[in-house]
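Below is one structure, written out as structure tokens, with a few remarks after it.
The values are calculated or read from the model by the stated rules, or taken from the named source; none is laboratory data. Keep in mind it's a predicted model, so treat the numbers as computed, not measured. Using ideal geometry, Cβ is built from the backbone for each residue, glycine included, and neighbour counts are taken over all protein chains shown.
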Amino acid sequence: MTSSSSALKSSVPKKLAATYPANPWWRGATIYQIYPRSFLDSNGDGIGDLPGILSKLEYVASLGVDAIWISPFFKSPMADFGYDIADYRAVDPIFGTLADFDRIVARAHALGLKVIIDQVPSHTSDQHAWFQESRQSRDNPKADWYVWANAREDGTPPNNWLSIFGGVAWTWEPRRAQYYLHNFLSEQPDLNFHHPDVQRATLDNFRFWLDRGVDGLRLDAINFCFHDRQLRDNPPRPKSSRKAVGFKADNPYGYQWHHYNNTQPEMLPFVEDIRRLLDEYPDVVALGEISSDDSTGTVAEYTQPGRLHMAYSFELLSDESSPAHVRGTVENLLARAPLTWPCWTVSNHDVERVVSRWGRNPTPLPHFATQLTALICALRGSVCIFQGEELGLGEAELPFESLRDPYGIAFWPIFKGRDGCRTPMPWDDSKLAGFTTSEPWLPVPTQHRELAVSAQERDASSALQGFRRLLAWRKNVPLLLHGEIEFLAVTESVLAFRRFDGNSGILVAFNLSSDAASVALPGLKVGAAITGHGLPEGSFADATLRLPGHGVAFFGLE
């Protein structure tokens, strides 16, 4: 880092250094998502693993993040690369051992990092012992642990539900002469959460990891746990609204309103059961992933008092990046759930990397990646950062023969899948980027080697160093961590708002265009600039805020 903590503090007006009451660690936290397969391979098999993560925890801590979120590393046949779990309590041998995981927790805690792990409650692998038993007959002890249904009179599936990954959401099992439900791949059968034993077993699996010292659970597709008992058909969705849900004409999943295959009212009491379990463990957080017809409404519902601590949805993981969209997303959630603590993210392992998705300009300015991080870090809430964002990595362009993602393979070439954001982390500029010593599971893009950690460590103007400066600076501006938010103006390219508490406030603005921009803010009494973030700064005079291309503004308010 190029700036000391004391230097950063000196750039913050004394009026803003308010004393805040004790807050749980996750409020305002930055959470760094690690995708194990692509982080670092320690044993030369071409796949990242837990010892690889352990060896790089000092690097992660140096970024200034507060926690790591580790994507699934559990025993799995890897049909969906770990999100199809065959044993919730075992580490898959390609990733290491339980002892390796315990060493990660101990080392992360020693470095001041919290540890969040994925849990995937709604479905298992078809290789899970529960499903292997359930599929054998209609009268075994696990017979009702999954969603089974008889065929219609003509032999077709019981209703019109569709899989997110394409096609019908039902697969025939001849041993039972019934269909089973899978909202995702056919290798990912859905559990029947209407069965109380399934709920108890799920909570017991959560407890297993909480007892091992994890600090939080990221709950994958949490609103998919329950289905409509009556198996009613989903109604059709008008063409005009399909784009809003994020599915284009290539995926018929977007042709329906998903009223019955997810987000059922029975989920709310189970969410409260999850919270009661987590409340037995001090300072632990539940972070839900929400994707529904009305994701903002579901987030608001699932994060009410006594339910999940926070949740995120996909509004900011879409292609839409206008200031109006960002403002509308935040204000919509605040209006529907003013007490909810949000979590924001613009990248993860399922979507195109944000500098490519939101960049539009083929050659965005060097600080563009840091500006996008600054934007979500300035909103009220916590933040998830996907590995490689700190380097400004763009989406990798992969040929069809290199794809591994079943979703991408099925929808090629209209949709190229999720492999482009999952390519190996570039640690140095060697042929294999310091990721492995053998053939990597996904190719290492040449353009990513040019952005390797080793090179950016030596460059004070790099995205990596900018990321570090930004996070260190943010921790010294308490209003960005805990203050309220109110939007002031929005233009085609500028987003402006204030963060405030009962004593003070700051003006925050972002120009999301590469062209200079200005916006009138009459009646606003602006004080000293809050400097030290390292991004191109705007100016304020004559009631007008002026911003350079991809510039920002942070001013105290009088």
Practice item. Please go through the range 98-113 and pick out each residue that is under 17 Å from F206 (Cα atoms) and buried (at least 22 other Cβ atoms within 10 Å of the Cβ). Key: F101
Exercise for review: State yes or no: is G532 modelled with pLDDT of 95 or more, touching a helix residue (DSSP H, G or I) at 6+ places or on another chain (Cβ under 9 Å) and not in a loop (DSSP other than H, G, I, E, B)?
Suggested key: no
Point to revise | Sole residue being out of contact with any helix residue (DSSP H, G or I) (no Cβ under 6 Å at 6 or more places or on another chain) and assigned by TED's automatic domain parsing to the domain that holds K75, chosen from R152, R207, R138 | key: R207
Exercise for review: Scan the range 155-173 for residues that are under 22 Å from I409 (Cβ atoms) and over 29 Å from the mean Cα position of the chain (by Cα) and jot them down.
Suggested key: T171
Practice item. Considering only the range 86-97, state which residues are out of contact with any helix residue (DSSP H, G or I) (no Cβ under 9 Å at 6 or more places or on another chain) and either buried (at least 21 other Cβ atoms within 10 Å of the Cβ) or in contact (Cβ under 8 Å) with a residue 40 or more places away in the chain (or both). Key: D92
**Study point:** Single residue of the range 308-337 satisfying the filter (in a loop (DSSP other than H, G, I, E, B) and among the hydroxyl-bearing types (S, T, Y)) that is nearest to T30 (Cα to Cα)
**Key:** S313
Check your understanding: Is there a residue in the range 257-264 that is farther than 25 Å from L181 by Cβ and surrounded by fewer than 16 Cβ atoms within 10 Å (Cβ to Cβ)?
Key -> no
Study note, to complete from the structure: Among residues of the range 540-558 being in contact (Cβ under 8 Å) with a residue 12 or more places away in the chain and of a type in the set (G, A, S), the residue surrounded by the fewest Cβ atoms within 10 Å (Cβ to Cβ) is A543
Exercise for review: Report, by residue number, each residue of the range 193-243 that is of a type in the set (D, E) and either free of Cβ contacts under 8 Å to residues at least 60 places away in the same chain or within 19 Å of F74 (Cα to Cα) (or both).
Suggested key: D197, D204, D211, D215, D220, D228
Check your understanding: Pick from N261, N183: which is within 25 Å of the chain's Cα centre (by Cα) and either closer than 17 Å to K142 by Cβ or not assigned by TED's automatic domain parsing to the domain that holds Q33 (or both)?
Key -> N183
Point to revise | From L432, L470, L479, residue being outside the structural domain of D319 (by TED's automatic domain parsing), more than 30 Å from F165 (Cα to Cα) and modelled with pLDDT of 95 or more | key: L479
Study note, to complete from the structure: With the first residue restricted to the range 408-431 and required to be in contact (Cβ under 8 Å) with a residue 12 or more places away in the chain and more than 14 Å from S356 (Cβ to Cβ), and the second required to be β-branched (V, I, T) and surrounded by 19 or more Cβ atoms within 10 Å (Cβ to Cβ), Cβ contacts under 8 Å at 6 or more apart or on different chains are P424/T436; P424/V444; M425/V453; P426/V444; P426/V453; W427/V453; D428/V453; K431/V444
Check your understanding: Being farther than 18 Å from F226 by Cβ, part of a loop (DSSP other than H, G, I, E, B) and touching a residue at least 60 places away in the same chain (Cβ under 8 Å), is that true of even one residue in the range 145-152?
Key -> no
Practice item. State whether one or more residues within the range 39-53 are free of Cβ contacts under 8 Å to residues at least 12 places away in the same chain and assigned to a loop (DSSP other than H, G, I, E, B). Key: yes
Check your understanding: Restricting the search to the range 285-306, which residues are surrounded by 20 or more Cβ atoms within 10 Å (Cβ to Cβ) and in a loop (DSSP other than H, G, I, E, B)?
Key -> I290, S291, S292, T303
Point to revise | Within the range 158-195, tally of residues that are touching a strand residue (DSSP E or B) at 6+ places or on another chain (Cβ under 9 Å), over 23 Å from E133 (Cβ atoms) and part of a loop (DSSP other than H, G, I, E, B) | key: 4
Check your understanding: Has the range 253-268 got any residue that is touching a strand residue (DSSP E or B) at 6+ places or on another chain (Cβ under 6 Å), more than 26 Å from I68 (Cα to Cα) and in a helix (DSSP H, G or I)?
Key -> yes
**Study point:** Residue ID - farthest from R37 (Cα to Cα), chosen from residues in the range 399-418 that are of a type in the set (D, E, K, R) and buried (at least 17 other Cβ atoms within 10 Å of the Cβ)
**Key:** K416
Exercise for review: Select from the range 28-73 the residues that are more than 19 Å from the chain's Cα centre (by Cα) and among the aromatic types (F, W, Y) and list them in ascending order.
Suggested key: Y59
Exercise for review: With the checklist (1) aliphatic (A, V, I, L, M); (2) at positive phi; (3) surrounded by fewer than 17 Cβ atoms within 10 Å (Cβ to Cβ) in hand, flag the one item A433 doesn't pass.
Suggested key: (3)
Study note, to complete from the structure: Contact list, first residue from the range 278-304 and without any contact (Cβ under 8 Å) to a residue 24 or more places away in the chain, second anywhere and surrounded by fewer than 23 Cβ atoms within 10 Å (Cβ to Cβ) and assigned to a loop (DSSP other than H, G, I, E, B), beta-carbon distance below 8 Å, six or more apart or interchain, is S295/F314
Review point. In the range 481-492, how many residues are out of contact with any strand residue (DSSP E or B) (no Cβ under 6 Å at 6 or more places or on another chain) and not in a strand (DSSP E or B)?
Key: 3
Exercise for review: Can you tell me which residue among G44, G52 is under 22 Å from E389 (Cα atoms), of a type outside the set (F, W, Y) and either surrounded by fewer than 21 Cβ atoms within 10 Å (Cβ to Cβ) or at pLDDT 95 or above (or both)?
Suggested key: G52
Exercise for review: Return a yes/no flag: does the range 365-380 have any residue that is in the same structural domain as Y59 (by TED's automatic domain parsing) and surrounded by fewer than 18 Cβ atoms within 10 Å (Cβ to Cβ).
Suggested key: yes
